[in-house]
C-alpha cells in the first residue's frame with residue numbers, strides 16, 4: 001500500500017488508502033495506473049486494475065467485464081449473467097443470473113487528473129439486499145438495528161398492499177388484520193394533503209386530521225365491514241371538536257367521497 005489520499009465525505013473517512021493489494025470488503029480506495037487489487041465477493045474472484053492511461057478494468061472469475069451496448073444489451077448489462085452494472089462504470093456481484101439479490105456493489109467514484117481512480121465498495125443488507133451502505137460504521141448500525149429496520153420494512157410493505165376486492169367477509173383472515181393498518185398509512189398521507197393550507201390552532205388541526213383519516217378508511221372499506229358504525233361515530237366526534245373552533249371546516253365524509261371505494 002502506498003499511503004492515503006483525501007477522500008470525499010461519502011466514503012465516511014477523511015482519507016482512503018492508495019494501491020491496496022486486497023479490495024476492502026467495504027469503503028473507498030484509490031488505484032494508480034499500473035496497479036491492481038483483488039478480492040473475493042460471494043465466492044467470485046474480483047480483480048480491479050487501472051491501466052497506464054488511467055482506465056479502470058474489472059475482471060471477475062478470470063473474465064474481463066464488458067458492458068454490452070444497446071443493440072446487444074443483455075439482462076445483466078454485462079457479458080457475465082451474475083455481474084450487473086452500477087452507474088455505467090461499476091459492477092454489482094449478484095447471487096444469481098437474475099440479479100434478484102446483489103450483496104456487493106463496486107463503483108467508480110472519480111477518475112482523477114493524475115490518472116488515479118477512486119473506487120468504492122458498498123455492501124447490501126439481507127434479506128432483500130436493497131439497503132446498501134458504504135462504511136463499516138453504517139453497516140454496524142444497520143446490523144444492530146436489524147429488528148427495527150425489518151419492522152419498518154414490513155410496515156411499509158403492508159402500507160403498499162392494496163385491499164382486495166369483494167365483501168369483507170370474503171377476505172382472507174390475514175388481510176382482514178392488516179387492511180386497516182395499510183389504509184391508515186395511506187389515508188394519513190391523503191388527509192395531510194387534504195388539509196392543504198389549514199390555518200388554525202394545532203389541536204384543531206389534529207382533530208380535523210383524525211376525522212379525515214377515519215373518513216378515508218371508512219369510505220374505502222367494504223359495506224359489510226363490521227366497524228363502520230364505530231368509526232363513523234369517531235369521525236363525527238373529531239369533526240365536531242374541530243368545528244367548534246373553526247366553524248367553516250369541510251365535512252370529512254364529503255371530502256373523502258371522491259376517493260374510489262376499496
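Observations, loosely collected:
- Selection of the range 46-58 for residues being under 18 Å from residue 86 (Cα atoms) and either in contact (Cβ under 8 Å) with a residue 40 or more places away in the chain or surrounded by fewer than 16 Cβ atoms within 10 Å (Cβ to Cβ) (or both) yields 46, 48, 50, 55, 56, 57, 58.
- Taking the range 7-35 as the range and being surrounded by fewer than 16 Cβ atoms within 10 Å (Cβ to Cβ), in contact with a strand residue (DSSP E or B) (Cβ under 9 Å, 6 or more places away or on another chain) and free of Cβ contacts under 8 Å to residues at least 40 places away in the same chain as the test, the residues that pass are 14, 15, 21, 22, 34.
- Filter pass, residue 241 being farther than 29 Å from residue 168 by Cα and assigned to a helix (DSSP H, G or I): yes
- Residue within the range 132-141 that is at pLDDT 85 or above and surrounded by fewer than 12 Cβ atoms within 10 Å (Cβ to Cβ) present: yes
- Residue pairs whose Cβ atoms lie under 7 Å apart, sitting 6 or more positions apart in sequence or on different chains, and linking a residue in the range 85-97 that is under 13 Å from residue 45 (Cα atoms) to a partner that is at pLDDT below 90 and surrounded by fewer than 13 Cβ atoms within 10 Å (Cβ to Cβ), do not occur here.
- Hits in the range 143-171 (condition: crowded, with 16+ Cβ neighbours inside 10 Å, at pLDDT 80 or above and in a helix (DSSP H, G or I)): 168
- If you go through the range 227-262 and keep only what is assigned by TED's automatic domain parsing to the domain that holds residue 181 and on the phi > 0 side of the Ramachandran plot, you end up with nothing.
- Considering the range 172-191, the residues that are exposed (fewer than 14 other Cβ atoms within 10 Å of the Cβ) and either under 23 Å from the mean Cα position of the chain (by Cα) or within 29 Å of residue 241 (Cβ to Cβ) (or both) include one that is modelled with the lowest pLDDT, namely 181.
The values are calculated or read from the model by the stated rules, or taken from the named source; none is laboratory data. All values reported here derive from a predicted model rather than from experimental measurement. Counting neighbours? That spans all protein chains shown, and the Cβs are built from the backbone with ideal geometry, glycine included.
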